[in-house]
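The values are calculated or read from the model by the stated rules, or taken from the named source; none is laboratory data. Small disclaimer: the values here were computed from a predicted structure and weren't measured. As a convention, Cβ positions derive from the backbone with ideal geometry for all residues, glycine included, and neighbour counts pool all protein chains shown.
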Amino acid sequence: MGPVSLDYLAVDRKNGTVWIPAGGTGSVDVLEIATGKVTRIQGFPTAEREGKAGKRLVGPSSATVGDGVVYVGNRANSQVCAVDIAKLARGACVTLASPPDGLAYVASAKELWVTTPKDKSITVLDVSKPAKPKVKTKISFDGAPEGYAVDDARGAFYTNLEDKDKTLVVDVPTHKVVATFEAQCGSEGPRGLAVDGGRGLLFVACTDHVEVLNDVAHAGTLLSKLDTGGGVDNIDYLLARGQLFVAAGKAATLTVANVDDKGILTVAGTAPSASGGRVVVVDSGGNAYVADPAQGSVLAVSSSP
């Protein structure tokens with residue numbers, strides 16, 4: 001298969017599936033981890049858009065797992081659609097005022113938070129009826145939100161301002177920014193996020209390294225950082241192992257890092273991945289899935305001890 005725009009993947013650890021929004025193909029592919037079977041959900045609109053590298057065909061680009069549904073964001077028509085997990089069938093959609101980027105389900109609030117960076121905001125959807133998302137409110141910022149992580153137990157939502165080199169802590173119940181951290185990523189800004197709420201650790205992806213910030217009482221102090229090679233975007237964290245997974249697209253390397261109680265990162269292992277593979281998710285067994293847009297595929301990497 002040729003090049004396919006692949007951005008945000010989603011892993012359903014409960015049901016053992018990986019959801020792959022496949023951009024200009026107008027489809028979302030669902031990988032059944034145990035069998036390797038792939039089911040294609042078709043019918044998502046596509047459109048040609050002007051980007052940094054010229055014109056490209058865009059379509060479904062992000063996904064997150066909700067309550068019995070997976071929500072899919074589509075840059076072609078600014079829609080978010082609910083897809084039934086059991087039936088693998090597309091259901092109701094809602095149209096946003098701005099194209100969706102990342103999606104995050106916030107179970108405690110029965111809300112879906114959608115980063116909408118073109119108008120410097122997060123659009124919050126009401127998903128109290130999971131299959132029928134509807135727009136609830138908008139949270140505005142003074143920069144473009146990039147990346148997300150949710151600590152549902154503490155009611156905290158995290159996002160970055162890529163163009164300001166900052167990381168924000170947003171209170172879920174009030175939708176208010178309660179803390180701002182200096183991301184220290186430099187001119188290219190921060191990208192993906194992950195969180196270990198129990199230990200008060202926030203992981204921030206920069207384009208060539210990852211950082212650990214102390215989020216106990218929203219302190220925001222830098223605890224450690226680890227060079228991973230260039231081309232980093234979305235990261236993932238496996239709480240059961242205390243391990244952080246980082247795909248570096250320019251270096252074509254997957255790094256798995258152990259995180260101790262003090263927030264110190266040490267390399268557990270590395271593996272060759274894919275050139276341009278800057279997005280990774282990990283399943284409950286510790287297997288990583290790296291998007292390979294140049295080949296229109298997803299690379300599975302075992303990280304068993």
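Lys166: without any contact (Cβ under 8 Å) to a residue 40 or more places away in the chain, surrounded by fewer than 16 Cβ atoms within 10 Å (Cβ to Cβ), within 22 Å of Ser121 (Cα to Cα) and not hydroxyl-bearing (Ser, Thr, Tyr), yes or no? Criteria not met by Lys166.
If a residue must be surrounded by fewer than 19 Cβ atoms within 10 Å (Cβ to Cβ) and either in contact with a Ser or Thr (Cβ under 7 Å, 6 or more places away or on another chain) or among the basic types (Lys, Arg) (or both), how many such residues does the range 62-76 contain? Number satisfying all stated conditions: 0.
Annotation: Asp261 fulfils all but one of (1) under 19 Å from Asp7 (Cα atoms); (2) among the acidic types (Asp, Glu); (3) over 20 Å from the mean Cα position of the chain (by Cα); the unmet one is (1). So which strands (runs of 3 or more DSSP E) stay within the range 224-305 end to end and still have 1 or more residues that are at pLDDT 95 or above and under 23 Å from Thr159 (Cα atoms)? In the range 224-305, the matching strands (runs of 3 or more DSSP E) lie at 236-238, 243-248, 253-259, 265-272, 280-282, 288-292. Restricting the range 164-203 to residues that are out of contact with any Lys or Arg (no Cβ under 7 Å at 6 or more places or on another chain) and small (Gly, Ala, Ser), the residue that is farthest from Asp152 (Cα to Cα) is Ser187. I want to confirm something. Restricting to the range 130-147 and keeping residues that are in a loop (DSSP other than H, G, I, E, B) and not basic (Lys, Arg), which single residue is surrounded by the fewest Cβ atoms within 10 Å (Cβ to Cβ)? Among residues in the range 130-147 that are in a loop (DSSP other than H, G, I, E, B) and not basic (Lys, Arg), the one surrounded by the fewest Cβ atoms within 10 Å (Cβ to Cβ) is Asp142.
From the residues in the range 1-23 that are under 13 Å from Asp101 (Cα atoms) and modelled with pLDDT of 95 or more, which one is surrounded by the fewest Cβ atoms within 10 Å (Cβ to Cβ)? By that ranking, first place goes to Leu9.
Here is a check on your reading of the model: is Thr39 assigned by TED's automatic domain parsing to the domain that holds Val4, modelled with pLDDT of 95 or more, touching a helix residue (DSSP H, G or I) at 6+ places or on another chain (Cβ under 8 Å) and over 26 Å from Ala149 (Cβ atoms)? Considered against the rule, which asks whether it is assigned by TED's automatic domain parsing to the domain that holds Val4, modelled with pLDDT of 95 or more, touching a helix residue (DSSP H, G or I) at 6+ places or on another chain (Cβ under 8 Å) and over 26 Å from Ala149 (Cβ atoms), Thr39 comes out as no.
Scan the range 204-223 for residues that are at positive phi and either in a strand (DSSP E or B) or in contact with a Ser or Thr (Cβ under 8 Å, 6 or more places away or on another chain) (or both) and the total you get is 1.
Per-residue answers, yes or no, for (1) assigned by TED's automatic domain parsing to the domain that holds Asp233; (2) at negative phi; (3) out of contact with any helix residue (DSSP H, G or I) (no Cβ under 7 Å at 6 or more places or on another chain); (4) part of a loop (DSSP other than H, G, I, E, B):
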| position | (1), (2), (3), (4) |
| --- | --- |
| Val11 | no, yes, yes, no |
| Lys14 | no, yes, yes, yes |
| Ile20 | no, yes, yes, no |
| Gly43 | no, no, yes, yes |
| Leu57 | no, yes, no, no |
| Thr64 | no, yes, yes, no |
| Tyr71 | no, yes, yes, no |
| Ala82 | no, yes, yes, no |
| Val94 | no, yes, yes, no |
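Can you find a residue that is within 26 Å of Leu239 (Cβ to Cβ) and surrounded by 19 or more Cβ atoms within 10 Å (Cβ to Cβ) anywhere in the range 34-53? No, the conditions are met nowhere in the range 34-53.
The residue that is surrounded by the fewest Cβ atoms within 10 Å (Cβ to Cβ), among those in the range 24-33 that are among the hydrophobic types (A, V, I, L, M, F, W, C) and assigned to a strand (DSSP E or B), is Leu31. Among the residues examined, Val150 does not qualify as touching a residue at least 40 places away in the same chain (Cβ under 8 Å), touching a His at 6+ places or on another chain (Cβ under 8 Å) and not in a loop (DSSP other than H, G, I, E, B).
Scanning the range 212-235 for residues that are crowded, with 21+ Cβ neighbours inside 10 Å and more than 18 Å from Pro145 (Cα to Cα) yields Val212, Leu213, Asp215, Thr228. Could you tell me whether Ser187 is modelled with pLDDT under 95, more than 20 Å from the chain's Cα centre (by Cα) and outside any strand (DSSP E or B)? Taking the combined requirement at face value, the residue satisfies it. Kindly check whether there is at least one residue in the range 257-274 that is touching a residue at least 40 places away in the same chain (Cβ under 8 Å), buried (at least 19 other Cβ atoms within 10 Å of the Cβ) and more than 24 Å from Gln184 (Cβ to Cβ). There is no residue in the range 257-274 that is touching a residue at least 40 places away in the same chain (Cβ under 8 Å), buried (at least 19 other Cβ atoms within 10 Å of the Cβ) and more than 24 Å from Gln184 (Cβ to Cβ).
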